[in-house]
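Encoded as C-alpha cells, the structure appears first; notes follow it.
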Amino acid sequence: MRAARSAGLLAALLFATAAGAQSLAPRTLFVDDEGAELFDTEAGEGGIRAGSFDVRLAAGVSFGYDTNVYATDGDEVNEGLATGEALLRASDKSETRDITGLAFVRARRYDTARDQDATEFGALGRYDGWLGPQDRLTTRFSAERNVESRTDIETPTDLDVSLFDDFRASFGHAHVFNRFTVDSRLDARRVQYEEDSQQFRDRNQYRGELRGAYQFRAGTAWVLSGYYNRDAFDDDSVLSLSADTVGGLLGLRFDLNDLLQLEIGAGYFERRYDDGPAPFDGISARAALDWHPTRLTTVRAQLLRSDAPTRVEGAVAKIRNEARFEIEHEWSRTLLFTVGARYVQDDFDLIDRKDRAWLTELGANWSFGRHSVLRFSYDYAARDQSTFGRSFERHVATLAYIGRL
C-alpha cells in the first residue's frame, strides 16, 4: 500500500488541482469535482445499490455576492449571483480496485449581468486497481465543457465568458520490486475554445513520464524521473509555437506511515520548437506535502516550476512557477473548516515580463442530518499583469445548501 500512496503523491505533483482556492467563476459547490468530500465522509451510509455499484446523487444551490463581476481595474460592477449544481456518482470499491463514474452540471446566474451567466457540464470514468501484489493500474477519461477562470493569467478579460472543451485521457502503471518501484504514465489532452477569437489557443498536449524510486532506508527513497511533453497548436500560420520538451528530475521521497508524505525534486528541461525560435531551457522543480499533524487536521502543499505553452504576443514559451497551500480541520464529525491559498507567476521567454495571480479561500462545511450540508466560502483573487487593463482584484462570498442521497 505504500506504493499506492507514492503513486497518489506523484499524481498530485504532476496534475495539481487543489480543492480550494482554484477558480472563482463558476466553481464547484462540492469541494472537489468527484464529490469525495461530500460522499466519502459517510461511507456505507445512504446511496442506491446498482449491482456492485454504489450510486449517489447530490444537488446544491448557493447565493452570494461578487464585488467585481467583469474582473476590471476600476469601474467595478458588484452584484449578487446564484449557482446551482447537480452531481451523480457511481463507485465500485473493493480491497483491490476502485471504479468511479461521474457526471455533473453546474450553472451560475447574475442579477443583471446576464452576459456573465455560464453553464458547465461533463463526465468522467476512472479505474484504479491492483493487477497483482506488485502491479497497480490507473486509467482515467474525462470530457468537460468549462468556463476559463479569469484569474488564470492568459484568460482574456474582454470576453463575456471564455468557454472551452477539455478532453483528457491518462494511463498509469506502477510495479514494485521490493525496494525499487517503477512508475510510468501517459497523458493526452485536447483544449478547444468556443470563441472564434480564442481558437488560436486550441491545442493538443501529450505527456509521457517514467519514474524510478529506490528505498535506501525505511521511509526514505531516491526518486529519478524523465519525461517527454508535446504541445501541438492547431494554428501555427504566423509563428510556430508547437514544441517538444524533454526533462528529468532527481529528488527524495519521505513516507512516515500515515502521518507525512513529502516528495521534493529538481532537474533540467529543454524545449525545442518545430520551427523558428532557438531552444528554451531552464531549471524544473516539484514538491508535494501531505501532512496529518493530528487525526483531525490535514495540511497539503505543492510547488511546481516547469515550462508551459503560451500565446502571449512576443513570447514563444514561459516558465510557470506555482505554489499551493491548504489546511483542513475537522472541528467535529459535522463541522469542517478549510483555508487555502495559491500563487502563480509566469516568466515569459523573449520578452521581459512577469505576470502574477493570487487566490485565497476560507470555508466552513456543516453537515446536519444524513442528507444536508451548509457551506460558506469566501474567495479573494487578484491578477497583476503588464498588459494595461488586465489586472484586477475580486471578492466572492457565498452560502450554499446541498442535499445528498
- Query: Using modelled amide H (1.01 Å from N, peptide plane; none on Pro or chain starts), what sits under 5 Å from the amide H of Arg353, excluding residues fewer than 5 places away?
  - Reply: Phe348
- Message: How large is the convex hull of the C-alpha atoms of segment 140-280 per residue, in Å³?
- Response: 147 Å³
- Task: Report the calculated FRET efficiency for Ser94 and Phe216 (r = Cβ-Cβ distance, R0 = 30 Å), to the nearest 0.05.
- Result: 0.35
- Note on the structure: The simple spin-label model distance between Leu262 and Leu186, using points 7 Å out along Cα→Cβ, in nm, is 3.6 nm
- Query: Using the beta-carbon distance between Ala285 and Ile48 and R0 = 51 Å, what value does 1/(1 + (r/R0)^6) give for FRET efficiency, to the nearest 0.05?
  - Reply: 0.65
- Message: Limiting things to C-alpha atoms, what are the Rg and the maximum Cα-Cα separation (Dmax) for the chain, in angstroms?
- Response: 21.5, 63
- Task: Using only Cα atoms, figure out Rg for segment 98-202 and give it as a multiple of 2.2 N^0.38 Å.
- Result: 1.46
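FYI, it's all coordinate maths here, none of it is from the lab. Everything quoted here is computed from the prediction, not taken from an experiment. Neighbour counts are summed over all protein chains in view; Cβ atoms, including those assigned to glycine, are modelled from backbone coordinates with ideal geometry.
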